[in-house]
Amino acid sequence: MLHLVRTCIGDLLDLLYPRLCAACGCQHPPEGSALCIACQIDLPRTDYHLFRENPLTRRFTGRFALETATSMFYFVKDTPVQDMLHRIKYQGRKEAAWSLGQHYGRELRTSGLYETIDMVVPVPLHPHREHQRGYNQSAWWGRGLSEGLGVESNERGLVRVRKTESQTNKSRQDRLLNTREAFVVRKPSRLKGRHILLVDDVMTTGATLEACALPLLTLPGVRISIATLAVAQD
Ligand SMILES: [Zn+2]
């Protein structure tokens, strides 16, 4: 009887809130997955996690000391990847970021390049922005990654101390200046000596990740790797 009630409630919830694929919006993602089977196959994967040095790490050459870096998908405009990022960021699909993070965290765990990671730290939103949106999508991606990797998630390790202006229509140099000193480390004793996986939803120039890495790297013994959900190609 209880099972029947649960099934009926489940069916009713599916009817009211169908679990749509986070990328293409179809109604057929398998149980426990944010993406339908077609999107799992078709979305453009980078596979950067299999190579310590890759096109993403090369983009940080000369900027700061980086162990390795990866992104789950390539960001391509006007494709389901862009739709997915939009749903995650603006349409409340934070559980999709979490689920993708769990999945990718398990892949990182077996790649052999992420086994010394012992903490996940997301790029924070300004508290005012987080309050408006109700959540930080990068923190949900990071929470999933930490679970997949089996390590601690430190969602308040960095704090964004002032709101940056819109980043669009700014050069890389201007973006860097715009974000510089916008992030401070909170409770440094918890972070020192750690190999930190710094995570964000999407990387364009890398200026925000750089602005986050620099204060962390002032702490003794800190090493940084990076994992984003998507990366825009040069
Ligand atoms: Zn799909």
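The values are calculated or read from the model by the stated rules, or taken from the named source; none is laboratory data. Predicted, not measured: the structure shown is a model, and the values here were computed from it. FYI the Cβ positions are ideal-geometry reconstructions off the backbone, even for glycines, and counts take in every protein chain you see. To get the accessible areas, we keep the full protein, side chains included, count just its heavy atoms, and leave off ligands, DNA and RNA. Shrake-Rupley method; radii C 1.70, N 1.55, O 1.52, S 1.80 Å.
Key figures
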{"quantity": "Among residues of region 85-102, those that are closer than 16 Å to residue 29 by Cβ and either open to solvent by 60 Å² or more (accessible area, probe 1.4 Å) or touching a His at 6+ places or on another chain (Cβ under 7 Å) (or both), counted", "calculated": "4"}
{"quantity": "Residue that is farthest from the ligand (Cβ to nearest atom), among those in region 20-38 that are touching a Ser or Thr at 6+ places or on another chain (Cβ under 9 Å) and not polar (S, T, N, Q)", "calculated": "32"}
{"quantity": "Complete set of residues in region 48-84 that are among the β-branched types (Val, Ile, Thr), surrounded by fewer than 18 Cβ atoms within 10 Å (Cβ to Cβ) and within 16 Å of the ligand (Cβ to nearest atom)", "calculated": "76, 79"}
{"quantity": "Test for residue 8: is it in contact with a Cys (Cβ under 9 Å, 6 or more places away or on another chain) and either within 16 Å of the ligand (Cβ to nearest atom) or modelled with pLDDT under 95 (or both)", "calculated": "no"}
{"quantity": "Helices (runs of 4 or more DSSP H) lying entirely in region 107-221 (those with 1 or more residues that are buried (at least 21 other Cβ atoms within 10 Å of the Cβ), assigned by TED's automatic domain parsing to the domain that holds residue 59 and at pLDDT below 95)", "calculated": "172-179, 207-217"}
{"quantity": "Scan of region 73-87 for residues that are touching a residue at least 24 places away in the same chain (Cβ under 8 Å) and not in a loop (DSSP other than H, G, I, E, B), ordered by number", "calculated": "73, 74, 75, 80, 81, 83, 84, 85, 87"}
{"quantity": "Selection count, region 33-47, where residues are in contact (Cβ under 8 Å) with a residue 40 or more places away in the chain and either farther than 23 Å from residue 109 by Cα or crowded, with 19+ Cβ neighbours inside 10 Å (or both)", "calculated": "5"}
